[in-house]
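I have placed the structure first, in the form of structure tokens, so that the comments after it can refer back to it.
The values are calculated or read from the model by the stated rules, or taken from the named source; none is laboratory data. All figures in this text were calculated on a predicted structure; none of them were measured in a lab. For neighbour counting, all protein chains shown are included, and Cβ atoms are generated from backbone atoms with ideal geometry for every residue, glycine included.
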Amino acid sequence: KSLKETMSSVAVVDKALLENGQLASISEALSEMANVVVLTGSVPAMRGVSGNGGATGFNSFSGGSKARVSTLIDGVSQPFVAYLTGDTGLWDVEQIEVYLGPQSTSNGRNSIAGAV
């Protein structure tokens, strides 16, 4: 579907914006979006819902917490520890799509806040 035909609350960073060199990482791209808060070493919060779940930082990782925002790269879900170990560069990214709000039906139970 085109963005115009989509009923969900979606934000897209397209190839033209990624190629101009103003964004160096996925976190920078997400921090430019409305209703998304990005903090270092944690899952982004969307629409006021913490992406980390019940705990924060190392406690959320060691306690087995499940992220409330799922991240899919080429259709493959990324593990929670990916947010704690570092940011992802944009060297091979065509576009970034952010679905705000619950996406559990289409992306699984770890998408209660949204999906990237």
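Laid out as a table, the results:
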| read-out | value |
| --- | --- |
| LEU84 surrounded by 12 or more Cβ atoms within 10 Å (Cβ to Cβ) and modelled with pLDDT of 75 or more | no |
| Among (1) part of a helix (DSSP H, G or I); (2) modelled with pLDDT of 85 or more - the single one ALA11 does not satisfy | (1) |
| So LEU30, is it modelled with pLDDT of 85 or more and buried (at least 17 other Cβ atoms within 10 Å of the Cβ) | yes |
| Options LEU23, LEU17; residue that is in contact with a helix residue (DSSP H, G or I) (Cβ under 7 Å, 6 or more places away or on another chain) and surrounded by 14 or more Cβ atoms within 10 Å (Cβ to Cβ) | LEU23 |
| Some residue of region 54-70 being surrounded by 12 or more Cβ atoms within 10 Å (Cβ to Cβ), at pLDDT 80 or above and either among the hydrophobic types (A, V, I, L, M, F, W, C) or part of a loop (DSSP other than H, G, I, E, B) (or both) | no |
| Whichever residue in region 92-116 is at pLDDT 80 or above and assigned to a loop (DSSP other than H, G, I, E, B) and, among such residues, is farthest from LYS1 (Cα to Cα) | ASP92 |
